[in-house]
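Notes for the one structure printed next.
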Ligand SMILES: Cc1ncc(COP(=O)(O)O)c(C=O)c1O
């Protein structure tokens, strides 16, 4: 399908190609000097004491949960309106994910009130996922965590460059996890980053990302070590220098990317304001978002189902959309009839994500908004 307006588009230029060629020519392509440079740049950008590059956002989340010493018998409170990896990461460790609802269809992030309701004596941590790069209500979540002595892991997969009260997302809890999957604001095709202020967690994460080895191949190649020990079993969750070199270029471009997304999102908000049939979440608040995606939620009054709406955008207007997300608590593996999350379930059935990407034009935003309005007007007429 050739889309008139695709959902997203990669933003690569000549620099990424040059950076990759430089690594290929250097004779060292696995984790090395470029990975260290990427980590340093990411730590500077976020203000984190430590940044540890890994092979994916999922690996970052897994190591975050492990490094907090969470395992069998423990519970971690998680959102359900997220990508499955947020929840799988808890499951990997043998701990139990416990689902909490979102705030509302205006704020699609995890609800501190529902977190509070789900706390038991087994609860060890909360995972706060900053949906679309819009911050969770961190003041409220930190207050609940303090009251019950819980750790906070931030799933900041959507949030490079996004802030909450001036602080970079991912640095407000104990550990933050970022993703550099291909549709993210910074991409290395696959990749991730852990950030933390804790020396102990950073040390543990570094050890676990490379088999639990006390010295890396790079250290040994530099002659800094000749042997290594394995004190605990780890994984191969390393990032390589080819990907890291792309990440360094993308990191340098992030501020411009976010500025452009902010303008486009502002235009969307203006053009879609006041439509009775839809809710534009995160509207009207002073978010310092990365504007990773642009979600809308259909209201009960809108007179057309979400899937039909998406189909019309595709077939009649050539506009690609997506859904963020299918609720994790309703997947076969996680389903439990006792778990009911009314707001999450409403949004799961009524949300669609409109196109948003760096090279999108104001005209394209206008075209998408006119198409949305046309579908809403037609369904109003049919009523
Ligand atoms: C919210 C969220 N968490 C975790 C992940 C997992 O990241 P990755 O695909 O890099 O493993 C993703 C991305 O795909 C995500 O969107």
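Just so you know, all these numbers are worked out from the coordinates, no wet-lab data involved. From a predicted model like this one, the values you see are computed outputs, not experimental measurements. With ideal geometry, Cβ positions are generated from the backbone for all residues, glycine too; neighbour counts draw on all protein chains shown.
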Query raised in the report: For the range 251-373, what is Rg from Cα atoms divided by 2.2 N^0.38 Å, rounded to two decimals?
Result: 1.15
Query raised in the report: Quick one: helix 199-209 against the long Cα principal axis of the chain, what's the angle to the nearest 10°, folded into 0 to 90?
Result: 90
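Can you give me the relative contact order of the chain as a percent, contacts being Cα pairs under 8 Å and 6 or more apart? Could you put the intermediate results ahead of the total?
Values: 797 pairs, mean separation 87.0, N = 383.
So the answer I get is 23 percent.
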Requested in this report: Could you state the angle between the C-alpha long axis of helix 241-272 and the longest principal axis of the C-alpha atoms of the chain, as a value from 0 to 90 degrees rounded to the nearest 10?
Outcome: 20
Query raised in the report: What's the center-to-center distance, using Cα atoms, between the range 278-345 and the range 200-235 in Å?
Result: 42
Report summary line: With only helices counted (DSSP H, runs n ≥ 4, each -39500 (n - 2.57)), the per-residue ellipticity at 222 nm for the chain, to the nearest 500, works out to -13000 deg cm²/dmol
Query raised in the report: Peptides 97-104, 227-234: what's the order by average Cβ count within 10 Å, highest mean first?
Result: 97-104, 227-234
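Suppose we take every Cα in the range 14-98 and form the convex hull; what volume per residue is that in Å³? Walk me through the numbers on the way to the answer.
Numbers: hull volume 11.7 nm³, N = 85.
It is 138 Å³ per residue.
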Query raised in the report: What residue among 109, 171, 120 shows peak mean-square fluctuation when the chain is described by a Gaussian network model with Cα springs under 10 Å?
Result: 120
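Order of 274-281, 292-299 by packing, highest average Cβ count within 10 Å first? Present the calculation step by step, with values, prior to reporting the outcome.
On the way: 274-281: 17.4, 292-299: 22.4.
Put in order of decreasing packing, that is 292-299, 274-281.
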Report summary line: Largest fluctuation, 131, 164, 92 only, Gaussian network model of the chain with Cα springs under 10 angstrom, belongs to 92
Report summary line: The helix 362-382 Cα axis meets the longest alpha-carbon principal axis of the chain at an angle in degrees, between 0 and 90 and rounded to 10, of 50
Report summary line: Residues 224, 168, 158 in order from fewest to most other beta-carbon atoms within 10 Å are 224, 168, 158
Report summary line: P(r) over all Cα-Cα pairs of the chain, 10 Å bins from 0 to the longest distance, whole percent per bin, short to long, reads 5, 23, 31, 24, 12, 3, 1, 0
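How do 368, 340, 195 rank when sorted from fewest to most other Cβ atoms within 10 Å of their own Cβ? List each step's numbers first, then the result.
On the way: 368 25, 340 11, 195 31.
Result, fewest neighbours first: 340, 368, 195.
Quick one: order 178, 42, 83, 317 by neighbouring beta-carbon count within 10 Å, fewest to most. Don't skip to the answer; put the middle values down first.
Details: 178 29, 42 26, 83 20, 317 17.
Listing 178, 42, 83, 317 from fewest to most nearby Cβ atoms yields 317, 83, 42, 178.
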Report summary line: Mean-square fluctuation maximum in Gaussian network of the chain, Cα pairs under 10 Å, restricted to 148, 130, 333, hits 333
